[in-house]
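Input: a single structure, listed below in structure tokens.
The values are calculated or read from the model by the stated rules, or taken from the named source; none is laboratory data. As the structure is a computational prediction, the values presented were derived from the model and not from experiment. Neighbour counts run over all protein chains shown; Cβ positions are idealised from the backbone, glycine included.
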Amino acid sequence: MATTGEGANSLTALRESSIPSFRFVVEGNRSTLGVFTECSLPTIEWEMEEVKEGGRNDFVHQLPGRRKSARLTLKNGVGKSELMEWFWQMLEGQVDRRTVTIKLLNASEKLKAPVLMLTMHRAYPVKWTGPQLKTDANSIAIQTIEFACGEITREESGTAY
């Protein structure tokens, strides 16, 4: 059954405003960190403080507390990179907190403008998982790097998706 009228227009607008998940750029201190096959953005949630009100047994008040710690996960092919140098510096005890920005780009091939930017302030690498090495596989060696994140900010652009 074909949709016509306002319903079709709203569906078209929704589809056109959707951001593709495969068009993103990862920057560290305003320079590109590398090419990544996958980026798992942090889960942002708050601790909840439960307050039980005397005489009220039908519910419990839930008040927001502190934000829980968050981690950013990046996956890419193994190789020499600034990102790996940063991680190995951490292993040597040199904590270097940086600003890491994930830019989600619009769907247009002509205009590769960021439509959403998530910035993790004071981020630093905390975990490296090496690739699975298999003699019977014909795949690229993919490593995983996790970052602890400080403050997380969001910025949306005014350009059309």
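Could you list, in sequence order, the residues of the range 122-139 that are loosely packed, with under 12 Cβ neighbours inside 10 Å and of a type in the set (Ser, Thr, Tyr)?
Once the filter is applied, which keeps residues that are loosely packed, with under 12 Cβ neighbours inside 10 Å and of a type in the set (Ser, Thr, Tyr), the range 122-139 yields THR135, SER139.
Kindly indicate which of THR119, THR99 is surrounded by 11 or more Cβ atoms within 10 Å (Cβ to Cβ), under 15 Å from GLY28 (Cα atoms), in contact (Cβ under 8 Å) with a residue 40 or more places away in the chain and not aliphatic (A, V, I, L, M).
THR99
Suppose the filter is of a type in the set (Val, Ile, Thr), at pLDDT 90 or above and surrounded by fewer than 16 Cβ atoms within 10 Å (Cβ to Cβ); does VAL78 pass it?
Spelling it out, it is not the case that VAL78 is of a type in the set (Val, Ile, Thr), at pLDDT 90 or above and surrounded by fewer than 16 Cβ atoms within 10 Å (Cβ to Cβ).
I'm trying to understand the selection: among the residues of the range 85-105, which are under 15 Å from the mean Cα position of the chain (by Cα) and within 14 Å of ILE145 (Cα to Cα)?
VAL100
This table checks each residue for (1) among the small types (Gly, Ala, Ser); (2) at pLDDT below 80; (3) farther than 30 Å from LYS112 by Cβ.
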| residue | (1), (2), (3) |
| --- | --- |
| ARG15 | no, yes, no |
| SER21 | yes, yes, no |
| PHE24 | no, no, no |
| ASN29 | no, no, no |
| LEU33 | no, no, no |
| PHE36 | no, no, no |
| LEU41 | no, no, no |
| ARG56 | no, no, yes |
| HIS61 | no, no, yes |
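Residues of the range 54-80 being charged (D, E, K, R), assigned to a loop (DSSP other than H, G, I, E, B) and either in contact with a Phe, Trp or Tyr (Cβ under 9 Å, 6 or more places away or on another chain) or under 15 Å from THR43 (Cβ atoms) (or both), which ones?
LYS68
Enumerate the pairs (first residue in the range 64-89 and over 21 Å from LEU118 (Cβ atoms); second residue anywhere and modelled with pLDDT of 90 or more and of a type in the set (D, E, K, R)) with beta-carbon separation below 7 Å, excluding pairs fewer than 6 apart on the same chain, so at least 6 apart or on different chains.
Short answer, once both residue conditions are applied: GLY65/GLU47; GLY65/GLU49; GLN89/ASP96.
Here are some conditions: (1) surrounded by 14 or more Cβ atoms within 10 Å (Cβ to Cβ); (2) without any contact (Cβ under 8 Å) to a residue 40 or more places away in the chain; (3) among the charged types (D, E, K, R). GLU155 meets all but one. Which one does it not meet?
(1)
Scan the range 124-145 for residues that are more than 20 Å from MET90 (Cα to Cα) and free of Cβ contacts under 8 Å to residues at least 60 places away in the same chain and jot them down.
GLN132, LEU133, LYS134, THR135, ASP136, ALA137, ASN138, SER139
Please go through the range 27-44 and give me each residue that is assigned to a loop (DSSP other than H, G, I, E, B) and surrounded by 11 or more Cβ atoms within 10 Å (Cβ to Cβ), ordered by number.
Answer for the range 27-44, where residues must be assigned to a loop (DSSP other than H, G, I, E, B) and surrounded by 11 or more Cβ atoms within 10 Å (Cβ to Cβ): ASN29, LEU33, GLY34, VAL35, PHE36, THR37, LEU41, PRO42, ILE44.
If you go through the range 121-132 one residue at a time, do you hit one that is in contact with a Ser or Thr (Cβ under 8 Å, 6 or more places away or on another chain), assigned to a strand (DSSP E or B) and among the small types (Gly, Ala, Ser)?
Yes - at least one qualifying residue is present in the range 121-132.
Yes or no: PRO114 closer than 16 Å to PHE36 by Cβ, free of Cβ contacts under 8 Å to residues at least 60 places away in the same chain, within 18 Å of the chain's Cα centre (by Cα) and surrounded by 13 or more Cβ atoms within 10 Å (Cβ to Cβ)?
For PRO114, the condition - closer than 16 Å to PHE36 by Cβ, free of Cβ contacts under 8 Å to residues at least 60 places away in the same chain, within 18 Å of the chain's Cα centre (by Cα) and surrounded by 13 or more Cβ atoms within 10 Å (Cβ to Cβ) - is not met.
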